[in-house]
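Have a look at the structure below, then the notes.
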Amino acid sequence: MHPPVLRGSTVLHAVTRVLAVLLLALPGVVLSGVVLPDLVLPGAGQPQRAFAADNPPWEIKPAANIFGAKRPSFSYALPRGGQLRDGLLIVNRGRTALTVTLHGADAFTTDDGSIELRSTEAKPRDVGAWIELDETTVRVPPGRSVDVPFRLALPDSATPGDHLGGIVALVQQAGTTDRLTTTRIRLQVSGELKPALAVEDLKVHYSGTPNPFGEGSVAVTYTVRNTGNTIVAARQAAAVTGPFGVFTAGPGQLADSPQLLPGETWKVAASIPGVPPALRLTGTVRVVPVAKSAPQPTSAATAHVLTIPWTLLLLLIGCAGVLALAILSRRNRKRPAHAR
């Protein structure tokens, strides 16, 4: 009787089980770490590659492991004080070696509304400070790839809600210009999600017209602040009303703000044409978070501006003066000669 023979698939299955056990036994791996669904952010729809017009032959991306393969970015859900281990894959398809310098960084919203990672000059205080790379300078031979492990360790003081940061890589290769590329890490710390916005520094300015019966325009400026703990955009509405609500005018549909990280601000300016100088106008701005989570509280602010129609007022004063002179002149003409 021949001894039993292990088929290829059986051996592969056994090896896979052993590897899985070893991976889960690594120190620092938290089984409660949950991979979050991708969050739609400006510039985050594709894997974070450093390919430019000349298509450099290298790539930096999340490593394929127990968290998944072909991930466009890193995303996790962890409790305060939790930690996990993952890896960053650096692929060199070129003919010369790469030298890659890595560091953690926090994210921020730029003036044009895109989300980027801060440069090396800014000391990280959030996700960037919680990343511990096994190596910060990596040499990748030509035609090879290197997996750089890292640990994400949350402090007990981490606030619940959304956090965004990542890993910044400076890539140096002989004969080419140094390049910066980033890979994002989205983290959701366990706790109640509270989307909330506030309208700050609302100002209303009226610009009149020399035409005494014409209409002017109103410039509305304000700042939207994300006062909640989730990444949200702001849906906005602005309007001005006359005394006792006799009329209402608005700038039309305002575009949503870009995605704002918790604590960030976005400045807004809107113009409202065709507004009569109604002595006193009230400007109102309302914002509501664009989020799937509930509740979605509305925040509002009001400001007032005087809209005195100076041209019309001067015209009325002039007419009143002419009328008064005419009355006085007429009275003088009717007086008896002996009374003069």
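For this structure, a couple of remarks:
- Cα→Cβ-extended label distance, 7 Å offset, between LEU170 and HIS304, nm: 5.6 nm
- For region 163-281, accessible area per residue (1.4 Å probe, heavy atoms of protein chains only), Å²: 45 Å²
- Only Lys, Arg (+1) and Asp, Glu (-1) charged, at Cβ; region 192-256 dipole about Cα centre in debye: 60 debye
- Counting only residues at least eight positions apart within a chain, or on another chain, the aspartates and glutamates with an alpha carbon under 20 Å from that of LYS194 are ASP38, ASP126, ASP156, ASP162, ASP256, GLU264.
The values are calculated or read from the model by the stated rules, or taken from the named source; none is laboratory data. For clarity, every value in this text was computed on a predicted model and none was experimentally measured. Cβ coordinates were reconstructed from backbone atoms using ideal geometry, including for glycine residues, and neighbour counts include every protein chain displayed. Quick note on the areas: whole protein, heavy atoms, side chains included, nothing else; ligands and nucleic acids left out. Shrake-Rupley method; radii C 1.70, N 1.55, O 1.52, S 1.80 Å.
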